[in-house]
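Participant: Sharing a structure, written as structure tokens. Questions coming.
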Amino acid sequence: MPFRRHVLAVFAALGLTAAPLAGHGQDVPVIAGASDLQFALEEIAAAFETDTGNAVRLSMGSSGNFARQIRQGAPFEMYLSADEAFVLDLHRDGFTRDEGDLYAIGRIVVIAPAGSPLEPDADLANLEAMLALGSISRFAIANPEHAPYGRAAKEALITRGLWDAVEPRLVLGENVSQAAQFATSGNTEGGIIAYSLALAAQVSALGDWTLLPEEWHEPLRQRMVLLPHAGPVAEAFYAYLQEPAARAIFRRYGFVLPGEQS
């Protein structure tokens, strides 16, 4: 199967696109969410609709791209970033109600699709060996220029001393969900993606993965915030994300939660 067609098929299989929920009225708020939240936030939004009768529409993508869109007037009512710095910068410049709240801390994993010569391990020894043998031709991460999980992947590879060797072989995803698609497509030997995505059955079924040491990169402190024109449904969803039902879902997808130990 040609690469482009295969990747599009993987996109569809993983459901890694904007995920609207049916609303009961005309004023369904649009929530901008970092793509590492794809599966967790879909579950939380569905539970919120069941529990409250209110719906939200999710738009998933790169935290950095969303921050730029918010500055340009995008009609989001709430923003969940994978890097709290984007939220704090937006607040400093008057684009949010306040500084928001820390909602989770993320982790990264190395993943390899079925049939890959790469064997994921916690110290990336096999990646190092495969690079030395020339057995790694393509390796996927999110774009570190605007995707926090891509930046964390780059930091981890630098810490491990592998960045110079792997950089010419990189396939960059626009966000970490797209990096996960590339890393599991069979057209790369693997990649580094969000722990939360690797834990999803739709992704874990496509390959093997191993959690990487959190000390290898700056903490992925994830912050959410309401935008100035947020309405009551967005406000209710914001509150719901801090309640036990939502926290349990975040925890199940591997996130460290505020007030809890890693």
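The values are calculated or read from the model by the stated rules, or taken from the named source; none is laboratory data. Just so it is clear, the structure is predicted and the values come from calculations on it, not from any experiment. Ideal geometry is used to build each Cβ from the backbone, glycine not excepted, and the neighbour counts take in all protein chains shown.
Participant: Inspect all residues belonging to the range 175-183 and state whether any of them is surrounded by fewer than 20 Cβ atoms within 10 Å (Cβ to Cβ), touching a residue at least 24 places away in the same chain (Cβ under 8 Å) and not assigned by TED's automatic domain parsing to the domain that holds MET78.
Facilitator: no
Participant: Considering only residues that are under 26 Å from LEU212 (Cβ atoms) and part of a strand (DSSP E or B), which ones fall in the range 80-109?
Facilitator: Across the range 80-109, the qualifying residues are LEU80, SER81, LEU102, TYR103, ALA104, ILE105, GLY106, ILE108, VAL109.
Participant: So, GLY94, is that one free of Cβ contacts under 8 Å to residues at least 12 places away in the same chain and closer than 23 Å to ILE31 by Cα or not?
Facilitator: Here the answer is yes, as GLY94 does meet what is asked.
Participant: Further question: Suppose we filter the range 153-183 for residues that are of a type in the set (Ser, Thr, Tyr) and more than 21 Å from LEU41 (Cβ to Cβ); how many remain?
Facilitator: The qualifying residues number 1.
Participant: Within the set of pairs 6 or more residues apart or between chains, which connect a residue that is in contact (Cβ under 8 Å) with a residue 60 or more places away in the chain and closer than 15 Å to GLY150 by Cβ inside the range 57-81 to a residue that is surrounded by 17 or more Cβ atoms within 10 Å (Cβ to Cβ) and of a type in the set (Lys, Arg) with Cβ atoms less than 6 Å apart?
Facilitator: Going by the 6 Å Cβ cut-off, the qualifying pairs are SER81/ARG223.
Participant: Does at least one position in the range 186-194 carry a residue that is among the hydroxyl-bearing types (Ser, Thr, Tyr), touching a strand residue (DSSP E or B) at 6+ places or on another chain (Cβ under 8 Å) and over 20 Å from ALA32 (Cα atoms)?
Facilitator: Looking for residues that are among the hydroxyl-bearing types (Ser, Thr, Tyr), touching a strand residue (DSSP E or B) at 6+ places or on another chain (Cβ under 8 Å) and over 20 Å from ALA32 (Cα atoms), one finds at least one in the range 186-194, hence yes.
Participant: For PRO117, work out the one condition from (1) surrounded by 16 or more Cβ atoms within 10 Å (Cβ to Cβ); (2) in the same structural domain as LEU162 (by TED's automatic domain parsing) it doesn't fulfil.
Facilitator: Status for PRO117: all satisfied but (1).
Participant: Checking GLU189 against (1) crowded, with 21+ Cβ neighbours inside 10 Å; (2) under 22 Å from ALA85 (Cα atoms); (3) more than 19 Å from the chain's Cα centre (by Cα): exactly one of these is not met. Which one?
Facilitator: (2)
This table checks each residue for (1) surrounded by fewer than 18 Cβ atoms within 10 Å (Cβ to Cβ); (2) under 13 Å from the mean Cα position of the chain (by Cα); (3) more than 17 Å from ASP101 (Cα to Cα).
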site: GLY33; (1), (2), (3): no, yes, no
site: GLU42; (1), (2), (3): no, yes, yes
site: ARG57; (1), (2), (3): yes, no, yes
site: ARG71; (1), (2), (3): yes, no, yes
site: PRO75; (1), (2), (3): yes, no, yes
site: MET78; (1), (2), (3): no, no, no
site: ALA82; (1), (2), (3): no, yes, no
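Participant: Sticking with this structure for a sec: Please determine whether any residue of the range 70-87 is closer than 24 Å to ALA194 by Cα, modelled with pLDDT of 95 or more, in contact with a Pro (Cβ under 6 Å, 6 or more places away or on another chain) and of a type outside the set (Phe, Trp, Tyr).
Facilitator: Yes, the range 70-87 has at least one match.
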